[in-house]
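Okay, structure first, notes after.
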Amino acid sequence: MPASGERRTAMFDLVRRWRESGTPARAFAQEQGVTAWTLYYWREQLVKQERPARRPPRRSRVRSKKMTLVPVRIVPGDTGGVLELILASGDRIRVPGDVGLDTLRRVVQVLRTAC
């Protein structure tokens, strides 16, 4: 029996010939001395090899940190137009109440990655 790499190449060649022949799998397989299921199996292997990868392998994917929600408490009173955020770490951030959402989002994102 040929080595596994040689067998793989031989089976891929067999599947390519089957595709080109237009012959039904059962008839082609019988002529070649293999089962139709063997052709189907190797056809799927060939398709997987020819198909470009859609996403990078798992090990190279960037994983986000697990986030936990914390309670939010709104304290009434005169804040002078300042929004105060108290992070789970205890750090406090004070920003003007009219700060843009994008700016606030960037500040929080930087704090998450830097801390």
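Here are a few things to note about the model shown:
- Residue pairs whose Cβ atoms lie under 9 Å apart, sitting 6 or more positions apart in sequence or on different chains, and linking a residue in the stretch 21-38 that is within 12 Å of MET11 (Cα to Cα) to a partner that is outside any helix (DSSP H, G or I), are ALA29/THR35.
- Condition broken by GLY81, with the remaining ones in (1) touching a Ser or Thr at 6+ places or on another chain (Cβ under 6 Å); (2) modelled with pLDDT under 80 satisfied: (1)
- Some residue of the stretch 24-39 being assigned to a helix (DSSP H, G or I) and at pLDDT below 90: no
- The residues in the stretch 1-54 that are aliphatic (A, V, I, L, M) and exposed (fewer than 13 other Cβ atoms within 10 Å of the Cβ) can be counted, and the count is 6.
- PRO56 being at pLDDT below 70 and assigned to a loop (DSSP other than H, G, I, E, B): yes
The values are calculated or read from the model by the stated rules, or taken from the named source; none is laboratory data. Just so we're clear, the structure is a prediction, and the values are computed from it rather than from any experiment. Note: ideal-geometry Cβ built from the backbone for every residue, glycine included; neighbour counts use all protein chains shown.
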